[in-house]
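Note sheet for the following structure.
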Amino acid sequence: MMTGAANPPRSAAEQRRLEETLRQVFEEHVPFNRVLGVKIESFDPATPKTRFDMRPELVGHFLHGRLHGGTISAVLDATGGFALMCGIAAKHPDESADQVLHRFTRIGTIDLRVDFLHQGIGERFVAAARITRLGGRIGSVQMTLDNEAGTLIATGSAAYVIS
């Protein structure tokens, strides 16, 4: 049996490069994320977060100025996918930014469930996610969406193909 030295972990500079590239892909290269105005709040692999501001284009109920349910669902889905990106990067600390980014080309949503708990009213919203399972082919994630007052607007759970 051959034993070799494990590859060294990603350097701090390479981690910064990975995060900056992830930010660019997530915020700029995914057109729908750009339309929604979703930004990365945290790369923490335990609880990655995204955020967005309320805008007239995101309103679903014009009389009350509430977020459209599709906006809520889309942000939760995008945040779940982002969580898997962070989780995969953490799972493969010896891979370069380019190697990790190549893994993301295969991520796709299989199933998404959203529970709408309160009216989507607020100025700013934060979505957080927690990976519940990161297998070789499938990843499962639970997500939440809160407004700036801390009101839980919606929860979601999703499954994604990751290979």
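The values are calculated or read from the model by the stated rules, or taken from the named source; none is laboratory data. Computed from a predicted model, the values in this text were never measured in an experiment. When we count neighbours, we look across all protein chains shown, and the Cβ atoms used for this are built from the backbone with ideal geometry, even at glycine.
Restricting attention to the stretch 47-67, does a residue exist that is assigned to a helix (DSSP H, G or I) and touching a residue at least 24 places away in the same chain (Cβ under 8 Å)?
Filtering the stretch 47-67 for residues assigned to a helix (DSSP H, G or I) gives 56-58.
Applying the additional criterion that residues be touching a residue at least 24 places away in the same chain (Cβ under 8 Å) yields none.
No, there is no match, as no residue in the stretch 47-67 is assigned to a helix (DSSP H, G or I) and touching a residue at least 24 places away in the same chain (Cβ under 8 Å).
Name the single residue that is nearest to the chain's Cα centre (by Cα) among those in the stretch 59-81 being closer than 15 Å to Glu27 by Cα and of a type in the set (Val, Ile, Thr). Can you show your working first?
Step one: of the stretch 59-81, the residues closer than 15 Å to Glu27 by Cα are 74-81.
This time we only want the ones that are of a type in the set (Val, Ile, Thr), so: 75, 79.
On the way: Val75: 8, Thr79: 2 Å.
Only one residue tops the list, namely Thr79.
Every residue in the stretch 116-131 that is surrounded by 12 or more Cβ atoms within 10 Å (Cβ to Cβ) and more than 13 Å from Gly81 (Cβ to Cβ), please.
From the stretch 116-131, those surrounded by 12 or more Cβ atoms within 10 Å (Cβ to Cβ) are 116-122, 124-131; that's our starting set.
Phe116, Leu117, His118, Gln119, Gly120, Ile121, Gly122, Arg124, Phe125, Val126, Ala128, Arg130 - these are the residues of the stretch 116-131 that are surrounded by 12 or more Cβ atoms within 10 Å (Cβ to Cβ) and more than 13 Å from Gly81 (Cβ to Cβ).
Is it true that some residue in the stretch 7-14 is out of contact with any strand residue (DSSP E or B) (no Cβ under 9 Å at 6 or more places or on another chain), without any contact (Cβ under 8 Å) to a residue 40 or more places away in the chain, assigned to a helix (DSSP H, G or I) and of a type in the set (Gly, Ala, Ser)?
Within the stretch 7-14, the first condition is being out of contact with any strand residue (DSSP E or B) (no Cβ under 9 Å at 6 or more places or on another chain), and the residues that meet it are 7-14.
Within this subset, residues satisfying the condition of being without any contact (Cβ under 8 Å) to a residue 40 or more places away in the chain are 11-13.
With the extra rule that they be assigned to a helix (DSSP H, G or I), the set shrinks to 12-13.
Adding the requirement that they be of a type in the set (Gly, Ala, Ser) leaves 12-13.
Within the stretch 7-14 (the criterion being out of contact with any strand residue (DSSP E or B) (no Cβ under 9 Å at 6 or more places or on another chain), without any contact (Cβ under 8 Å) to a residue 40 or more places away in the chain, assigned to a helix (DSSP H, G or I) and of a type in the set (Gly, Ala, Ser)), the answer is yes, since at least one residue qualifies.
What are the pairs with Cβ atoms under 6 angstrom where one residue, in the stretch 16-27, is closer than 13 Å to Lys39 by Cβ and the other, located anywhere, is charged (D, E, K, R) and buried (at least 16 other Cβ atoms within 10 Å of the Cβ)? Sequence gap at least six, or different chains.
none
If you check every pair at least six apart or on different chains, which have Cβ atoms under 7 Å apart with a residue in the stretch 129-144 that is outside any strand (DSSP E or B) first and a residue that is not hydroxyl-bearing (Ser, Thr, Tyr) second?
Listed pairs, sorted by first residue: Arg137/Val161; Arg137/Ile162.
Taking Ser96 as meeting all but one of (1) polar (S, T, N, Q); (2) touching a helix residue (DSSP H, G or I) at 6+ places or on another chain (Cβ under 9 Å); (3) surrounded by 18 or more Cβ atoms within 10 Å (Cβ to Cβ), write down the number of the exception.
Here Ser96 meets the rest and fails (3).
State whether the residues of the stretch 56-79 include one that is closer than 30 Å to Glu14 by Cα, loosely packed, with under 15 Cβ neighbours inside 10 Å and not small (Gly, Ala, Ser).
no
Among the candidates Leu36, Leu84, which residue alone is over 19 Å from Ala158 (Cα atoms), of a type outside the set (Gly, Ala, Ser) and either surrounded by 18 or more Cβ atoms within 10 Å (Cβ to Cβ) or out of contact with any Leu (no Cβ under 9 Å at 6 or more places or on another chain) (or both)?
Details: Leu84 fails: over 19 Å from Ala158 (Cα atoms).
Selected residue: Leu36, the only one of Leu36, Leu84 that is over 19 Å from Ala158 (Cα atoms), of a type outside the set (Gly, Ala, Ser) and either surrounded by 18 or more Cβ atoms within 10 Å (Cβ to Cβ) or out of contact with any Leu (no Cβ under 9 Å at 6 or more places or on another chain) (or both).
Output yes when any residue across the stretch 117-136 is modelled with pLDDT of 95 or more, over 20 Å from Thr151 (Cβ atoms) and among the β-branched types (Val, Ile, Thr), and no when none is.
yes
Could you please find all residues in the stretch 87-109 being closer than 15 Å to Gly136 by Cα and among the hydrophobic types (A, V, I, L, M, F, W, C)?
Listed by number, the residues that qualify are Ile88, Ala89, Ala90, Val100, Phe104, Ile107.
Provide a single number: the residues in the stretch 70-111 that are among the β-branched types (Val, Ile, Thr) and assigned to a helix (DSSP H, G or I).
Of all residues in the stretch 70-111, those among the β-branched types (Val, Ile, Thr) come to 71-72, 75, 79, 88, 100, 105, 107, 109-110.
From what is left, the residues that are assigned to a helix (DSSP H, G or I) are 71-72, 75, 79, 88, 100.
Number satisfying all stated conditions: 6.
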